[in-house]
C-alpha cells in the first residue's frame, strides 16, 4: 500500500485524487490546499486541511499539484517530511525540489478540466527520481493508475511540455477562432466536429507530416488570398498568414 498526500486543489490535483480513489493499493493520507471551497469537493473532511502546518508526516509520497510559481513555497512547507516529494509540472526542473532528501517528478501528460472525466489508465505519466529507489517508487505509483508510465528527464519533459502547448493549447485556440468564424456567419460549430475527429484519428496511422492537407499544402494561392480577405480581424489574418507560411516552408513551397 502506497500512502499519498496531494498538495493542491486545482484540476490536476482533483483528477489525481479521483484516480487514486479508484485503486485499492493507494491510500490518500491528506489533501492540502488554501482554497477551502475547493477542498470541500475532495470528500472526507478529516483528510483535508487548508492549514499547511497541519500536513501529516505519514505519506510515502507528497505530490505537489500547484501552479509552477507556487512550487518553491509549497516545497518549503514539506522540508521536514520524511516521504518523497514530487511535483507534477511539465515545465519545472526536478532540481526545484533538491533541498529534500527524496524528490522527483510525477507529470501526467494530459489536459485536465474541472467537469471533464478522464480515463487515467490512458494518461501517460512521466516520472523522474533523484535516485534509482525514488524512481522505482514513482514508477510503482504511476503504474497503479496508468498503463503508460515513462522515465523522462527534466530536459526531455520540458520539450514534451512545449510540444504539448503546440498540439493542445494552440490547437484549442485555433478551434476558438474557427468557432468565432462560424458564429459570425450563423453556422453551428458542430459541423466541424467530424473533421476535428478525423484529423486526430488519422494520426494513429500516419505522421503529421504526411497527414497535412489544405490550400497551403497544395500551394493554392487563390484560396489563400480569398481566406485572408474574408478575415476581418488583423490578428487572425496574421495567424493565418504565419501558419500558411510555415506549412509552405515545411513542404518546400513559397507564398
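The values are calculated or read from the model by the stated rules, or taken from the named source; none is laboratory data. Keep in mind it's a predicted model, so treat the numbers as computed, not measured. All Cβ positions, even for glycine, are placed from backbone atoms using ideal geometry, and neighbour counts span all protein chains on display.
Given the criterion surrounded by 11 or more Cβ atoms within 10 Å (Cβ to Cβ), out of contact with any helix residue (DSSP H, G or I) (no Cβ under 6 Å at 6 or more places or on another chain) and not in a helix (DSSP H, G or I), identify the matching residue among 174, 141, 187. Spell out how you get there, then give the answer.
Numbers: 174 fails: not in a helix (DSSP H, G or I); 141 fails: not in a helix (DSSP H, G or I).
Within the list 174, 141, 187, the selection yields 187.
Which numbered condition trips up residue 197, out of (1) farther than 19 Å from residue 247 by Cα; (2) surrounded by 11 or more Cβ atoms within 10 Å (Cβ to Cβ)?
With (1) farther than 19 Å from residue 247 by Cα; (2) surrounded by 11 or more Cβ atoms within 10 Å (Cβ to Cβ) applied to residue 197, the lone miss is (2).
So, residue 101, is that one at pLDDT 95 or above and under 23 Å from residue 137 (Cβ atoms) or not?
Judged against the criteria, residue 101 is a match.
Give the number of residues within segment 144-159 that are surrounded by fewer than 20 Cβ atoms within 10 Å (Cβ to Cβ) and under 16 Å from residue 3 (Cα atoms).
Residues in segment 144-159 being surrounded by fewer than 20 Cβ atoms within 10 Å (Cβ to Cβ) and under 16 Å from residue 3 (Cα atoms): 1 in total.
Among the residues of segment 150-167, is there at least one that is in a helix (DSSP H, G or I), touching a helix residue (DSSP H, G or I) at 6+ places or on another chain (Cβ under 9 Å) and touching a residue at least 12 places away in the same chain (Cβ under 8 Å)?
Yes, there is a match, as at least one residue in segment 150-167 is in a helix (DSSP H, G or I), touching a helix residue (DSSP H, G or I) at 6+ places or on another chain (Cβ under 9 Å) and touching a residue at least 12 places away in the same chain (Cβ under 8 Å).
Within segment 94-119, can you find the residues that are under 18 Å from the mean Cα position of the chain (by Cα) and closer than 16 Å to residue 61 by Cβ?
94, 104, 105, 106, 107, 108 - these are the residues of segment 94-119 that are under 18 Å from the mean Cα position of the chain (by Cα) and closer than 16 Å to residue 61 by Cβ.
Residue 192: over 21 Å from the mean Cα position of the chain (by Cα), in contact (Cβ under 8 Å) with a residue 12 or more places away in the chain, over 25 Å from residue 2 (Cα atoms) and in a helix (DSSP H, G or I), yes or no?
In short, yes.
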